[in-house]
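Shown next, in structure tokens, is the structure this report addresses.
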Amino acid sequence: MNVLLVYPQYPETFWSFKYALKFVSKKAAFPPLGLLTVAALLPASWNKKLIDLNVTKWNDKELEGIDLVLISAMLIQEASVEEIIQGCHGRGLKIVVGGPLFTINGEETLDDRIDHYVLDEGEVTIPEFLADLEKGTLKRMYSSPERPALSRTPLPAWDLISFKKYATLPVQYSRGCPFNCDFCDIAILNGRVPRTKSSEQMLAEMDALYERGWRGGVFIVDDNFIGHKKQVKQLLPRLRQWGLERGYPFHFITEASLNLADDDELLKLMTEANFSQVFLGIETPHEGSLTECNKVQNAERDLEESIHKIQQAGLEVMGGFIVGFDSDPPSIFEQQIRFIQRIGVVTAMVGLLHAVPRTPLYQRLKEQGRILKNSTGNNTDGTLNFIPKMDVQLLINGYRQIVETIYQPRQYYARISTFLKGYKPGLKGQRMKMRDVRAFVKSLYILGIFGRERFYYWKLLTTTLIKYRRAFPQAISYAIYGYHFRRVLKHLALASAKKVTSKAT
């Protein structure tokens, strides 16, 4: 059996880091971990090839001699999925799809051009698909509510990709989240009870990357790494020892909930294991909106104090923020700007609230007759998929005010300064590798000479070298990220202007 696994292209977004990647000569931020895991679940005797459209262009010759085309996608990749299906349809190829896009949307994604849907968790549905394939009794739909133990998850098929094309490599430790924020689809996709891999599995995953020559960032892609604290605390000392014995070849990035700030032991264990960054869903400083969306882990706490505590422990905080809640007052936009500037979260991803199918938010808005269309998965393009309580134009204009303000060079570099004042790098710090040195040299030219932010850039370099020398790699990374964010904003503004012009004509 000859199989082609295809990963769709991401649109240009804040999260793509498209313009930052050019500084380190990489094609994409991360490879498709889900599809690489799917490949490992397929028979070893099959001939497999993976195409990631984020690092390579589509070529019709790739379809020659192929028996099955497997596509896995997220909501935000829907447009690229359509192009792939169009390219495959009519060639006598069997098309098999899976991933969050198809699992969340369910029957709404049914397409006559698609032969088989293999949904939910692959450790359960892929073996069922393979068994029926062997018997010649294939069904169109494979779905299961079962939450399998992650001991059934194989090592990803890393041999199908080139590490050189990616900035960071992903690994999964757990699935599921104990919280139930009403706009989030994690509990739907992976359940409320966190399941983890064993410490032995995780060390085997580290060995697999290390032995293939990877050195640098490893993103533990769990939606909430600390969902099962007891298990995490058993893993971290062993991960620390593994790193110590090899000279700390990896630094780790992950996602967590804000209650991380309540656990001093966990913070210490993470920094000792060489975790350097953590993404937190901060959402909003408005207490009523936190209560509305059932963000219990953030409500009734001092958000600023919690964030500063995590940063002071040696973890860079990346934050997600949302506007568009029913409880948001007209002043929320200025509140968000002041709050983001005050807490020093440099990578502040601000989005408009989107109602994702099957979430509690979606169900509530649907009952109220407020759903306009399905979510695209991109909450940073200035569009809504539901009718908000706030005036629509006020909300969209306010959202644009936030992002256009916080990514202006003066405000952006001010946040870097605030971050550096409260940040205490871990004992090992983040070591500069040759690619980081090359990125720094490029930044001198692009940002320091020709960039409109050059005054702030040189001030940052000088201040960091004098006061915060150990955080120099972070400072350079943030300067480069800022360049990316401003380029994306410019792209979105141009796209918005074209839409307005098109409607006018």
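The values are calculated or read from the model by the stated rules, or taken from the named source; none is laboratory data. Model, not experiment: these values are computed from the prediction. Glycine also receives a Cβ, built like all others from the backbone with ideal geometry; neighbour counts cover every protein chain displayed.
At a glance:
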{"item": "Residue that is surrounded by the most Cβ atoms within 10 Å (Cβ to Cβ) [pool: residues in segment 357-412 that are without any contact (Cβ under 8 Å) to a residue 40 or more places away in the chain and among the β-branched types (V, I, T)]", "result": "I371"}
{"item": "Filter result for E64 (of a type in the set (D, E) and closer than 30 Å to K442 by Cα)", "result": "no"}
{"item": "Any hit, segment 131-140, residues being at positive phi, in a loop (DSSP other than H, G, I, E, B) and in contact (Cβ under 8 Å) with a residue 40 or more places away in the chain", "result": "no"}
{"item": "K433 vs. criteria touching a Gly at 6+ places or on another chain (Cβ under 6 Å) and either under 18 Å from L315 (Cβ atoms) or surrounded by fewer than 15 Cβ atoms within 10 Å (Cβ to Cβ) (or both)", "result": "no"}
{"item": "Residues that are free of Cβ contacts under 8 Å to residues at least 24 places away in the same chain and small (G, A, S), drawn from segment 295-328", "result": "A299"}
{"item": "Where a residue in segment 33-61 is surrounded by 18 or more Cβ atoms within 10 Å (Cβ to Cβ) and its partner, wherever it lies, is acidic (D, E) and at pLDDT below 95, with Cβ under 9 Å and at least six apart", "result": "I51/E62; L53/E83"}
{"item": "Some residue of segment 323-335 being closer than 25 Å to D264 by Cα, surrounded by fewer than 24 Cβ atoms within 10 Å (Cβ to Cβ) and over 18 Å from the mean Cα position of the chain (by Cα)", "result": "no"}
{"item": "Contacts under 8 angstrom Cβ, first residue in segment 165-179 being assigned by TED's automatic domain parsing to the domain that holds T37 and more than 27 Å from K295 (Cβ to Cβ), partner polar (S, T, N, Q) and part of a loop (DSSP other than H, G, I, E, B), 6 or more apart", "result": "none"}
{"item": "Hits in segment 329-339 - residues which are touching a strand residue (DSSP E or B) at 6+ places or on another chain (Cβ under 9 Å) and in contact (Cβ under 8 Å) with a residue 60 or more places away in the chain", "result": "I332, F333, Q336"}
{"item": "Any hit, segment 171-187, residues being buried (at least 16 other Cβ atoms within 10 Å of the Cβ), on the phi < 0 side of the Ramachandran plot, modelled with pLDDT under 95 and assigned to a helix (DSSP H, G or I)", "result": "yes"}
{"item": "Boolean, A475 is within 26 Å of L269 (Cα to Cα) and assigned to a helix (DSSP H, G or I)", "result": "yes"}
{"item": "Residue in segment 360-368 that is closer than 23 Å to E305 by Cβ and of a type in the set (S, T, Y) present", "result": "no"}
{"item": "Condition check for L353: aliphatic (A, V, I, L, M), crowded, with 17+ Cβ neighbours inside 10 Å, within 30 Å of V171 (Cα to Cα) and within 21 Å of the chain's Cα centre (by Cα)", "result": "yes"}
{"item": "Criterion: surrounded by 17 or more Cβ atoms within 10 Å (Cβ to Cβ), more than 27 Å from the chain's Cα centre (by Cα) and either in a helix (DSSP H, G or I) or free of Cβ contacts under 8 Å to residues at least 12 places away in the same chain (or both) - qualifying residue of L420, L460", "result": "L460"}
{"item": "Residue match in segment 432-446 (condition: assigned to a loop (DSSP other than H, G, I, E, B) and over 22 Å from R342 (Cα atoms))", "result": "yes"}
{"item": "Test: residue in segment 132-154 that is among the aliphatic types (A, V, I, L, M), in contact with a helix residue (DSSP H, G or I) (Cβ under 7 Å, 6 or more places away or on another chain) and closer than 24 Å to V55 by Cβ", "result": "no"}
